[in-house]
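Before any comments, here is the structure.
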Amino acid sequence: MVQELEFSQRLRLAIPSLDLYVSSRTQRQYVDDVCSDAIAIAWQKRDKIASQESGQANDPLVPFLILTARNLIRNLERKISTSNRHLKDLLPSDSPSAEAVVLEDHNLNSALRKLKPKDQELLLLLAWHDLSIAEIAKVLGMSKANVSVRLNRARNRLNEILQELTREGH
């Protein structure tokens, strides 16, 4: 019973991060369903999710929830693509994403949009969702070294695009 109460408290604290991630990846109409499913899966697997150690900055539950939500969104994408639609249809076309609302710098926003989706995801997981390299590695299913290399390359590409946009006067 004590473990269930502790896990419930951890979930309550992790929900804003999960909601923010899912909201930035899909339309509002799908957010509640994806979040609910991710929480249900976490609850079912609560015994397998590491607990937060004292002195540990982030709860391991957050990357677990984001990874689960990422997979649920991919499943949703596959489901929709079978009916000849794409994940792009899930994203609101007439309203900016959550990141775009906060990113007031037009050049940065433009540069992010010019990056490959994998580079965008890496940079946003780090900067927007405040995940560590180890947590990003867990979410994306790759080694920490691979994440570090890809992040470095993505930052360099972003910097090159920003410099190009600045030269063009955007």
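Every read-out reported here was derived from the displayed coordinates using simple, explicitly stated rules and does not represent laboratory data. Note that the structure is predicted; figures quoted are calculated from it, not measured. Note: ideal-geometry Cβ built from the backbone for every residue, glycine included; neighbour counts use all protein chains shown.
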(request) Could you list, in their original order, any pairs among LYS48/LYS138; LYS48/LYS79; LYS79/LYS144 whose Cα atoms are separated by more than 20 Å? (result) LYS48/LYS79; LYS79/LYS144
(request) For the stretch 118-164, run through the GluC sites (Glu not before Pro) and keep only the ones in DSSP coil with at most 15 other Cβ atoms within 10 Å of their Cβ. (result) none
(request) Using 0.36 nm per residue of separation minus the Cα-Cα distance, give me the extension gain between ASN71 and LYS114 in nm, one decimal. (result) 13.1 nm
